[in-house]
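In what follows, a structure is listed as structure tokens, so that the remarks can point back to it.
Every number in this text was worked out from the coordinates using simple rules, so none of it is lab data. In this text, all values refer to a predicted model and were calculated from it rather than measured experimentally. Positions of Cβ are generated from backbone atoms using ideal geometry, with glycine treated the same way; all protein chains shown enter the neighbour counts.
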Amino acid sequence: MVNWLQRLLATLFISAVLTARGGYCDSAQPLSPEYEACIARANGVTAEMLRCSNDELERQTLRLSRAMRLIMDSPRISTERKQEIASGEKEWEAGRDKNCFATAQHEAGGGSLASMIARDCAVSKTADHAAELEAIARE
């Protein structure tokens, strides 16, 4: 009975937070309409919400890759600046993952809620970073 009640409370908490914030993401950048629709269809089911977040992370990663290509192809951006940006990408990704894992452990302490928080943190940070790179590409 306690396990069932804990799952119910966790599901209600996840649903409330996702509804209020459009996901755990604190991104200044809008996330895709597909993500919002997927979260709504998930109806509080953690595995489904995690799938939605994984799909959105893939979309945002593709967006980030497109922005990197634009930067690398831009004749307006110096070779030095391009190299600087490219060399920082692996560090950025490792830092994102480390920070998101730490945030999830702090906020949830483990379990399915922690994995959801970590994944949505990665989505948020990737969306923000993609926007930063898109802005550089437009310079």
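Some points to look at:
- Distance between modelled label sites at E89 and S74, nm, 7 Å Cα→Cβ extension: 1.4
- Summing Cβ point charges (Lys, Arg +1; Asp, Glu -1) relative to the Cα centre of segment 47-139 gives a dipole of roughly 200 debye.
- When the Cα positions of G109, G95, I77 are compared along the charge dipole of segment 75-124, I77 comes out farthest toward the positive end, with charges on each C-beta of Lys, Arg, Asp and Glu.
- Most to least packed among 98-105, 54-61 [average Cβ atoms within 10 Å]: 54-61, 98-105
- Simple label model, 7 Å out from Cα along Cβ direction - L62 to N99, nm: 2.5
- Overall form of segment 47-139 per C-alpha gyration tensor (a/c, 1.5; a/b vs b/c): prolate
- Spin-label model, S32/R51: points 7 Å from Cα along the beta carbon direction are separated by 1.5 nm.
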